[in-house]
Amino acid sequence: MNVRIHPSWNQVLGDVWESVGFQRLAEFVRGAYASGPVYPPAGSLFAAFDACPFDKVKVVILGQDPYHEPGQAHGLCFSVPDGVRLPPSLINIFKEIRSDLGVQPFASGDLTRWAMQGVLLLNSTLSVEAHKAASHQGKGWEEFTDEVIRRLSEQREGIVFLLWGSYAIRKGAHIDKNRHLVLTSVHPSPLSASRGFFGNHHFSRANDYLVSRGQTPIDWR
């Protein structure tokens, strides 16, 4: 499928790629793309891992599913390609950044600019059938991304995990809170943002933590 992934992840996840469970998942995914349409485009399936090497991860933002309408998903959670209309949750994320940091995010919804600074924009499920939200849940992606989180937790120190909504918070069970900063709130969806996402100050708190550990903060614009 000609997917791209940074070599550092191959070193960390090599045994996972070879596992029976992942091979079963890969067979399902190949079949799904062959019958399509499936999002993101096949070459962008592991875009989050390609843009953010394992040893450079500073922050993890955990989403649930890729966007399931044409032209939106490109392998980074909450992100859309440049020129695509901002989804409601991303609009609310940008609102909180403005309020929290007093800066104006760039107009583009392409969050590759964050990923290149060390923000792993990880969906729990990395593929989805067109127009069918959650259609690839329960196929093995969740076990794979649980393992990604577990290995980040065990093999790295001082990562900030931003977990928004009950689904992401449950995934946080795999994180050692003695080694990392875990920040939780409701999801930035319009259905819940006013009940605790707005005003959570996660972006400034993440940067304060990084600076306290001698790291460069994230430019959240």
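The values are calculated or read from the model by the stated rules, or taken from the named source; none is laboratory data. Not measured: the values here are computed from a predicted model. Backbone-built Cβ (ideal geometry, glycine too); neighbour counts: all protein chains shown. Only protein heavy atoms, including side chains, enter the accessible area calculation; ligands, DNA and RNA are left aside. Shrake-Rupley method; radii C 1.70, N 1.55, O 1.52, S 1.80 Å.
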Can you work out which of the residues in the range 52-101 that are on the phi > 0 side of the Ramachandran plot and touching a helix residue (DSSP H, G or I) at 6+ places or on another chain (Cβ under 7 Å) is surrounded by the fewest Cβ atoms within 10 Å (Cβ to Cβ)? Phe78
Ser153 meets each of (1) open to solvent by 60 Å² or more (accessible area, probe 1.4 Å); (2) part of a helix (DSSP H, G or I); (3) among the polar types (S, T, N, Q) with one exception, condition (1)
Residues located in the range 117-156, provided they are over 22 Å from His202 (Cβ atoms), among the polar types (S, T, N, Q) and within 13 Å of the chain's Cα centre (by Cα): Thr125, Ser127
Residue count, the range 102-116, condition open to solvent by less than 30 Å² (accessible area, probe 1.4 Å) and over 13 Å from the mean Cα position of the chain (by Cα), comes to 3
Run down Leu162, Leu191, Leu126 and say which single residue is open to solvent by 40 Å² or more (accessible area, probe 1.4 Å) and of a type in the set (A, V, I, L, M). Leu191
Scan the range 187-215 and report the pairs whose first residue is of a type in the set (Lys, Arg) and whose second residue is open to solvent by 20 Å² or more (accessible area, probe 1.4 Å), with Cβ atoms within less than 7 Å and a gap of 6+ or a chain change. Arg195/Val186
When the range 114-144 is checked residue by residue, the ones that are free of Cβ contacts under 8 Å to residues at least 60 places away in the same chain and not in a loop (DSSP other than H, G, I, E, B) are Glu142
Could you tell me whether the range 165-188 includes any residue that is assigned to a loop (DSSP other than H, G, I, E, B), open to solvent by 70 Å² or more (accessible area, probe 1.4 Å) and closer than 23 Å to Tyr67 by Cα? no
For the range 194-221, which residues satisfy the criterion of being open to solvent by less than 60 Å² (accessible area, probe 1.4 Å) and outside any loop (DSSP other than H, G, I, E, B)? His202, Phe203, Ser204, Ala206, Asn207, Tyr209, Leu210
Matching residues in the range 145-165 - criterion: being under 24 Å from Glu27 (Cβ atoms) and either in contact (Cβ under 8 Å) with a residue 40 or more places away in the chain or not basic (Lys, Arg) (or both): Thr145, Asp146, Glu147, Val148, Ile149, Arg151
